[in-house]
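The values are calculated or read from the model by the stated rules, or taken from the named source; none is laboratory data. All values derive from a computational prediction rather than experimental measurement. With ideal geometry, Cβ positions are generated from the backbone for all residues, glycine too; neighbour counts draw on all protein chains shown. Side chains are part of the model used for accessible areas, which takes the heavy atoms of the whole protein and leaves out ligands, DNA and RNA. Shrake-Rupley method; radii C 1.70, N 1.55, O 1.52, S 1.80 Å.
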Amino acid sequence: MSAGTFRTVRVRRVSALLLSASLLAGCGLVSGSPMTDDVQPGSVGQGKPLDGAELTVTSKEFTEQIILGNILGLAFQAAGATVIDKTNIQGTIGSREAVRTGAADAMYEYTGTGWITHLGHENPIPDAQKMYEAVKKEDRKNGLSWLPYSSLNNTYALAITEKTQQKYGLRTLSDVAALAKKDPKAVSICVESEFAARNDGLPGMSKKYGMKLAPSQIKKMSTGVIYTQVDSGACTFGEVFTTDGRIKALKLKVLEDDRKFFPLYNVAPEIHSSTLKKYPEIAEVLAPITKKLNNTVAQELNAKVDVDGEDPHQVALDWMVKEGFIKEG
């Protein structure tokens, strides 16, 4: 398939997904339930500036997103709002469409996802601030407002076990490309289906590094399974997220993206513009929380869910209380 054909197919696929998600949100079929935590302002939400507001929070379906969606909801509750929880929406498109159409008011989104997946750009911007400013400016026409981003950068990476690293001496993605050329049988990659098709995923990475991979070398599976498959040796390499707590828990080694292919994915609040216009206090409520988020915090919170089996909402609540952002009761 030519690059032009691939782009055409991708645009058609994304357009169909956008239409489907828009119809889903417009028909009110995105389920949700009230958040009923007994929380009060701590360092955020003092004076309850959102008293009387009815706000809906959303997120994608993976652990970090669900935690972040709950953090949003808890912050809004402490500031006086009534909150509806519509977190855990499947896929990258659905949660964004919920915010864009007004079926939800807020989510935490990633700048790289906004720039490439939602706005359709092929080339990432390597500077975090410039990336954020570009996404913020261009997304205004879509009725979406981006608030300041955090240093939490949940980008893609390939990870291996210590044993594999020692066996092949791998440190970078260029090393992986060289191994794939020298010894193809030594290379198998476990990836999510979405990563296998995204321009900022496997196709783009393979092109950037001149990595020749046969279909038999690529194994598609769910996110959680990837980590265990790499740990067991069933796959030589696994697609991982740099903020995932299982990397440290399983002692996996992340390979350096030495050609700087993967975009920056700094997380930032994405708000339905009409909501932010009505409740501009949202920006002040979320600013210190977003500033506190970073990769270390994310890894710790994600590990509590994915490694220790804790509930994402409880993890979010415990962190918000620990940091003094809110108080219980």
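For this structure, a couple of remarks:
- Checked against the criteria, Gln165 counts as part of a helix (DSSP H, G or I) and touching a Lys or Arg at 6+ places or on another chain (Cβ under 9 Å).
- For the stretch 66-78, the count of residues that are under 16 Å from Ile271 (Cα atoms) and either touching a Lys or Arg at 6+ places or on another chain (Cβ under 9 Å) or open to solvent by 30 Å² or more (accessible area, probe 1.4 Å) (or both) is nonzero.
- All positions within the stretch 165-182 that are surrounded by fewer than 20 Cβ atoms within 10 Å (Cβ to Cβ) and touching a residue at least 12 places away in the same chain (Cβ under 8 Å): Gln165, Tyr168, Arg171, Thr172, Ser174, Asp175, Lys181
- For Lys277, the test of being under 22 Å from the mean Cα position of the chain (by Cα) and either at pLDDT 95 or above or hydroxyl-bearing (Ser, Thr, Tyr) (or both) is failed.
- Looking at the stretch 279-329, the helices (runs of 4 or more DSSP H) lying wholly inside it that each contain 1 or more residues that are out of contact with any Asp or Glu (no Cβ under 6 Å at 6 or more places or on another chain), over 19 Å from Val44 (Cα atoms) and hydrophobic (A, V, I, L, M, F, W, C) sit at 295-306.
- Candidate set: the stretch 296-324, residues that are open to solvent by less than 50 Å² (accessible area, probe 1.4 Å) and in contact with a strand residue (DSSP E or B) (Cβ under 9 Å, 6 or more places away or on another chain); chosen: the one nearest to Thr87 (Cα to Cα): His313
- Of all residues in the stretch 100-108, none are part of a helix (DSSP H, G or I), among the polar types (S, T, N, Q) and under 25 Å from Phe241 (Cα atoms).
- Evaluation of Thr243 against (1) buried (at least 23 other Cβ atoms within 10 Å of the Cβ); (2) in contact (Cβ under 8 Å) with a residue 60 or more places away in the chain; (3) not in a loop (DSSP other than H, G, I, E, B) (one fails), failing number: (3)
- Taken over the stretch 37-66, the residue count meeting the criterion of being among the charged types (D, E, K, R), in contact with a strand residue (DSSP E or B) (Cβ under 7 Å, 6 or more places away or on another chain) and outside any loop (DSSP other than H, G, I, E, B) is 1.
Per-residue answers, yes or no, for (1) among the basic types (Lys, Arg); (2) farther than 24 Å from Gly114 by Cβ; (3) out of contact with any Pro (no Cβ under 8 Å at 6 or more places or on another chain):
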position	(1), (2), (3)
Arg246	yes, yes, yes
Glu270	no, no, yes
Lys291	yes, no, no
Lys304	yes, yes, yes
Glu310	no, yes, yes
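- Near pairs, Cβ below 9 angstrom, 6+ apart or cross-chain, from the stretch 276-291 (without any contact (Cβ under 8 Å) to a residue 12 or more places away in the chain) to any residue that is polar (S, T, N, Q) and open to solvent by less than 40 Å² (accessible area, probe 1.4 Å): Lys277/Ser145
- From Lys248, Lys212, residue being at pLDDT below 95, farther than 26 Å from Val267 by Cβ and open to solvent by 40 Å² or more (accessible area, probe 1.4 Å): Lys212
- Subset of the stretch 81-99 (residues that are under 19 Å from Glu194 (Cβ atoms) and in a loop (DSSP other than H, G, I, E, B)): Thr87, Asn88, Ile89, Gln90, Gly91
- Positions within the stretch 195-233 being among the acidic types (Asp, Glu) and more than 22 Å from Glu162 (Cβ to Cβ), in sequence order: Asp200
- Among the residues making up the stretch 280-298, a single one is closer than 30 Å to Lys207 by Cβ and at pLDDT below 95: Asn295.
- Residue ID - most open to solvent (accessible area, probe 1.4 Å), chosen from residues in the stretch 216-227 that are under 13 Å from Val187 (Cβ atoms) and not hydroxyl-bearing (Ser, Thr, Tyr): Lys219
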